[in-house]
Every structure is written in C-alpha cells, then in structure tokens.
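A quick write-up on the structure given underneath.
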C-alpha cells in the first residue's frame, strides 16, 4: 500500500474539551473482527498502517468485534505504527444486551462493578497497551445518570493510569437517551448513529453536547454501506450468509433500502455524482461532530474516505433537500 504518499492533508478537529486533535475521519475496525465477512489479519494490519501513514489518527474498536479479534489486530498495528500518535477508542459490552423494547434498562445490570472491571482489563490485554485512550460503554441507558457505579469504576481506572478518557455509545436509534448525559459533561464523548437517513441527533443531542464540550463520534455515516451508492439488485447475494450485512438487510429490508437510496439519488440529481461523498459531507458539515467512523479495508477506500475531508461544505440548496429523506428504522434487531 504505497499510495499513502499521495495524500497531503486530512483535516483534524478538536475532540471536545480533551485537547486532542483527531482526524475527522476515523478508522472503523468492526470489520476486522470477521463478522462482516472473511478477513485476513495481516491485510487488516496493513490497512491500519496505511491509514495511519495517510493521516488517520483515530481508531474505533470494541470487545464485541470478533470477540476481541479486532482489538488484538488494532493493538498489533499500533505497536508497528511509526506515523505519530494514534488515539484508540474501544468499548465494553454488558453481560447481556437489553431488549430494544426496554426504554431504560437498569444500569446496575448492564455494567456491574466486577463485570466492568473484567471488560477493561480484557481490552488492555488484547490491545497490548498500558493505557486505553478512550474507553466507552457500548450500551448507554438513561438509568446510568441515577446509578453511577460505572463512572466510579472507570474513574478508578483513570486514577490507576489505565484509562485516559471516558465515553459512551448510545443505543441504536435512541439519541435522546444521551441528552441529559451530554448536558452534564460527565463523560468526554458520546458515540451515536448519524447519517442522511438518521438525522435525529441534530435536533437535541448535538446542542447538548456542544454546551458541555462533549465530543461527538458519528457512526454508521454510510448507513452500513447503503449510502455508498454502490449497491444494486445483485449485491445482497454476494454477502456471506450470517454476516452483519446479510443479517441487517434480510427479507424485504434490502429491497426497501435500495428504493430509498434510488429516491435520494433522483432527488439530488446531477448536483452530486458521488453518493458516498454526499453522505460523509452531510455528517462532517456538523461542527459538533469531532470525527466520523468509516469502515475501510483497502488503500483505495482509505484514500477515498480521506478525500471527503477536503471537500467543501454542501450548498444550501442541497442541504434543503436532505431532511425529507430521513428514514428512521432499526435494522439491528
């Protein structure tokens, strides 16, 4: 992957009040765990190193991604990295994921002390680091504002020098769950789904985060790939059965999504040829977003993602079109 020298610039942004300057494009490492399809670990490491060489300095992973495999791969790449500081964000999951029907699961059950301690220690071991730059709880619920044992545990790890910053990942398509937390400033960052189809975070969450200097990490900017504009009727059959995409877009979901994307393309018309660029610029045009997580596994994709960082903001006419394409649905169930 020698093309990295062709990249001259990727914009950076302040990561909330932390003092970090992070690339506004982040390397999403879920696919490195193998759940999106078969992957080669060495190729994954090569992709990470190429991204680092190209200016990407923020990586998002989690214990859940390949049951630790993604963390291990990220850790190996970090030890080989010679391109300067790279911030690593990982996440710890609860013993059992709550039902999507439960609007406010008890946080004492999601993150009991011993479980959370084991999660942090496991991530430290798999990443092979002494201190995790950003440790996020993979499942936020409003009850966490009332029961703050989770915060006590993570602050103890901070005092031990094993965690630098603390964040949470808001449950899928529930951005309002994080509004009170954002206002409080108790954590350094909030991760949330935000894209052309899911625009709810810009109604309250972003303003709340800005008021406390809490960083926003935007995930699923391309709606798991549908907003890349590259899918057609034959795409679903190319996915490995049981993989994330094959499961997310099962039954009528794939057809419904293609129809929505086609309507978006028709509405935008000749004003924007590259749907991926449109989707990423939509996210980056919000100043409250510190970084947007994008999946990438090849030099071509990495360079394309970085190129979106250097494009101008969307015009007013184009921006006026996009709100009517909001389409709230949760395919993670």
Matching option when the condition is crowded, with 16+ Cβ neighbours inside 10 Å and more than 22 Å from the chain's Cα centre (by Cα), among 162, 109: 162
Inter-residue pairs, beta-carbon under 8 Å, first on the phi > 0 side of the Ramachandran plot and in the range 312-333, second assigned to a helix (DSSP H, G or I) and at pLDDT 95 or above, 6+ apart: none
Hits in the range 199-213 (condition: surrounded by fewer than 24 Cβ atoms within 10 Å (Cβ to Cβ), touching a strand residue (DSSP E or B) at 6+ places or on another chain (Cβ under 9 Å) and closer than 14 Å to residue 173 by Cβ): 200
Residue within the range 214-235 that is in contact (Cβ under 8 Å) with a residue 40 or more places away in the chain, surrounded by fewer than 24 Cβ atoms within 10 Å (Cβ to Cβ) and within 18 Å of residue 19 (Cα to Cα) present: no
Subset of the range 49-70 (residues that are closer than 18 Å to residue 134 by Cα and touching a strand residue (DSSP E or B) at 6+ places or on another chain (Cβ under 8 Å)): 56, 57, 58, 59, 60, 61, 62, 63, 64
Hits in the range 31-56 (condition: buried (at least 23 other Cβ atoms within 10 Å of the Cβ) and in a loop (DSSP other than H, G, I, E, B)): 54, 56
Condition check for residue 328: in contact with a helix residue (DSSP H, G or I) (Cβ under 8 Å, 6 or more places away or on another chain), closer than 20 Å to residue 218 by Cβ and loosely packed, with under 13 Cβ neighbours inside 10 Å: yes
Subset tally (residues that are crowded, with 20+ Cβ neighbours inside 10 Å and part of a strand (DSSP E or B)) for the range 14-23: 2
Breaking point among (1) surrounded by 18 or more Cβ atoms within 10 Å (Cβ to Cβ); (2) in contact (Cβ under 8 Å) with a residue 60 or more places away in the chain; (3) farther than 22 Å from residue 201 by Cβ; (4) in contact with a helix residue (DSSP H, G or I) (Cβ under 8 Å, 6 or more places away or on another chain), for residue 309: (3)
Check on residue 240, in a loop (DSSP other than H, G, I, E, B), out of contact with any strand residue (DSSP E or B) (no Cβ under 6 Å at 6 or more places or on another chain) and either modelled with pLDDT of 95 or more or closer than 29 Å to residue 88 by Cβ (or both): yes
Condition broken by residue 182, with the remaining ones in (1) crowded, with 24+ Cβ neighbours inside 10 Å; (2) within 25 Å of residue 324 (Cβ to Cβ) satisfied: (2)
Of all residues making up the range 243-285, the number that are outside any helix (DSSP H, G or I), surrounded by fewer than 18 Cβ atoms within 10 Å (Cβ to Cβ) and within 22 Å of the chain's Cα centre (by Cα): 3
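The values are calculated or read from the model by the stated rules, or taken from the named source; none is laboratory data. Quantities reported herein were computed from a predicted structural model and do not represent experimental measurements. Ideal geometry is used to build each Cβ from the backbone, glycine not excepted, and the neighbour counts take in all protein chains shown.
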